[in-house]
Amino acid sequence: MKPPLPALLALLASGAAAPAFADSCKLSIDANDLMQYSQRQLEAPASCTDIELTLRHVGKLAANVMGHNWVLTRGRDATAVANQGAAAGLPHDFLPAKDGRIIAATKIIGGGEATTTTFSTSGMKPEEDYVYFCSAPGHIAVMKGKFILKR
Ligand code: ZN
């Protein structure tokens, strides 16, 4: 027996027909007005060719007061990229321009906003040490976490 057409359309609209394996390649993390991320660690399977990361700012403060972004680098590059990003300023989303050390980065967002970035895992290795952080001035001290590419 075929399902009635409206039910079928509703199922398709809900995204239920998307392959289940793709879900583990989509990550999300929240940031708030207390300069905190909701997670200290994020992980995705190395089988993901691309990873989609959504950052939500669940606070109320504006981007020029308590703006946040999400930046991914190797662990050894994090501090230098954060420092140079802070110096670049808000108009540049606190990111150094065309910096090959940045694997992925979102723009800076304020309270109530969300942003998504998609990045390729082609140059990444499961054994490497990766760190994500917010590059707004001083935020890396607390807004930092470990990114794991699982074998
Ligand atoms: Zn921040």
Residues that are more than 12 Å from the ligand (Cβ to nearest atom) and within 12 Å of the chain's Cα centre (by Cα), drawn from the stretch 45-68 = ILE51, GLU52, LEU53, THR54, ARG56
task = Tell me, yes or no, whether the stretch 138-146 has at least one residue that is closer than 16 Å to LEU42 by Cβ, open to solvent by 80 Å² or more (accessible area, probe 1.4 Å), within 15 Å of the ligand (Cβ to nearest atom) and within 12 Å of the chain's Cα centre (by Cα).
result = yes
Single match in ALA80, ALA44 (criterion: free of Cβ contacts under 8 Å to residues at least 60 places away in the same chain and not charged (D, E, K, R)) = ALA80
request  = Go through the stretch 105-123 residue by residue and tally those that are crowded, with 19+ Cβ neighbours inside 10 Å and among the hydrophobic types (A, V, I, L, M, F, W, C).
outcome  = 3
ask   = Of the residues that make up the stretch 27-43, is at least one part of a loop (DSSP other than H, G, I, E, B), open to solvent by less than 50 Å² (accessible area, probe 1.4 Å) and either within 16 Å of the ligand (Cβ to nearest atom) or not aromatic (Phe, Trp, Tyr) (or both)?
value = yes
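The values are calculated or read from the model by the stated rules, or taken from the named source; none is laboratory data. Keep in mind it's a predicted model, so treat the numbers as computed, not measured. Counting neighbours? That spans all protein chains shown, and the Cβs are built from the backbone with ideal geometry, glycine included. Heavy atoms of the whole protein, side chains included, go into the accessibility calculation; ligands, DNA and RNA do not. Shrake-Rupley method; radii C 1.70, N 1.55, O 1.52, S 1.80 Å.
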